[in-house]
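Read through the structure below, which is laid out as structure tokens, and then see the notes.
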Amino acid sequence: MNDPRTHALRDSHQDVETARQIPDTPQTRSPSYRLAFADDDFLCRDELRPVRLQLELLKPEMAMNEAQIKSTVVLFGGARIPAPEQVHTARTPTLAALSKYYEEARRFAYLVTEHSSKSGGRENVICTGGGPGVMEAGNRGAAEAGGVSIGLNIVLPHEQAPNEFVTPELAFNFHYFAIRKMHFLMRARALVIFPGGFGTLDEMFESLTLIQTKRMKPIPFLLFGREFWESVINWEALKEAGTISPEDLDLFHYVESADEALAMINP
């Protein structure tokens, strides 16, 4: 019998199963008697937060290493932007107009995945937040190109699930936003930002800050839709106020199409 263990000690899975078969006594019913690593109540205590943070960092990292994911192209963008065929569901006329970026995200992800497949499909793997809107478009384009893609979902108060196009073995769920953000950036070769709301702005500015402060090396940082971004953020006012340096505006570039974005990532 093949045994993957590298030691002769009894396996933890064996003990979990054995512990389920123990006699029912007041002692064995006590929470204190549960195996620590199989005790959900214990693992969810406030004092175990450092352990949970480590587990959330480690589990996706191990899975991506096992899948041989070497690098990613990360797509951020609004969950509320509809696919063109669903444009009638848009909450505002502006959201309806932004549906064109769903198609651009879909095509961009297709082109990136198609290009990645030429070198084995494990470089520049599309990575999104795993939700609807632009995120769905990214995972959809990758799937249509016959490649894998990553979805970094997070537990939210309202019921939700990863979009159907995320590769199941690369679908992850998080409790901690901070650890999720680390996984977005740890393998990133490029960051591509589509129009979005609070979540998109949060991810965009945190990533820009890491590059600005040299906590992260510069990588292609592309903003889809100059008109949208210049209407919601007055970059020039920040420069003129002196709260950012003129050269900080060189950290990102505007693009309008999937082909233009691909050319900047693969010059």
Discussion item. Criterion first (within 25 Å of M216 (Cβ to Cβ) and of a type in the set (G, A, S)) does G151 satisfy it?
Written reply: yes
Discussion item. Here is a list: I265, I211. Which entry is at pLDDT 95 or above and out of contact with any His (no Cβ under 8 Å at 6 or more places or on another chain)?
Written reply: I211
Worksheet entry | Given (1) crowded, with 23+ Cβ neighbours inside 10 Å; (2) hydroxyl-bearing (S, T, Y); (3) under 19 Å from E203 (Cα atoms), number of the condition Y176 does not satisfy | (1)
Worksheet item: Does L262 satisfy the criteria of being in a strand (DSSP E or B), in contact with a Phe, Trp or Tyr (Cβ under 8 Å, 6 or more places away or on another chain) and within 25 Å of I69 (Cα to Cα)?
Response: no
Fill in: Filter pass, V73 being without any contact (Cβ under 8 Å) to a residue 24 or more places away in the chain, surrounded by 14 or more Cβ atoms within 10 Å (Cβ to Cβ) and either outside any helix (DSSP H, G or I) or not hydroxyl-bearing (S, T, Y) (or both)
no
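If a residue must be aliphatic (A, V, I, L, M) and under 18 Å from M135 (Cβ atoms), how many such residues does the range 194-224 contain?
Count: 4.
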Discussion item. I'm trying to understand the selection: among the residues of the range 189-203, which are surrounded by 21 or more Cβ atoms within 10 Å (Cβ to Cβ) and among the aliphatic types (A, V, I, L, M)?
Written reply: L191, V192, I193
Worksheet item: Pick from the range 208-267 the residues that are within 23 Å of the chain's Cα centre (by Cα) and of a type in the set (S, T, N, Q): which of them is surrounded by the most Cβ atoms within 10 Å (Cβ to Cβ)?
Response: Q212
Practice prompt. Test each condition in (1) surrounded by fewer than 18 Cβ atoms within 10 Å (Cβ to Cβ); (2) farther than 23 Å from A63 by Cβ for E169 and report the one that comes out false.
Written response: (2)
Discussion item. Any residue in the range 36-57 that is under 20 Å from H13 (Cα atoms) sitting within a Cβ distance under 7 Å of a residue that is loosely packed, with under 11 Cβ neighbours inside 10 Å and of a type in the set (A, V, I, L, M, F, W, C)? List the pairs, counting only those 6 or more apart or interchain.
Written reply: F42/A36
Fill in: Hits in the range 132-152 - residues which are of a type in the set (G, A, S), under 21 Å from M64 (Cβ atoms) and either touching a Lys or Arg at 6+ places or on another chain (Cβ under 8 Å) or surrounded by fewer than 24 Cβ atoms within 10 Å (Cβ to Cβ) (or both)
G138, G141, A143, A145, G146, G147
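The values are calculated or read from the model by the stated rules, or taken from the named source; none is laboratory data. Owing to the predicted nature of the structure, the values given are computational and were not obtained by experimental measurement. Don't worry about glycine lacking a Cβ; one is built from the backbone with ideal geometry, like all the others, and counts go over all protein chains shown.
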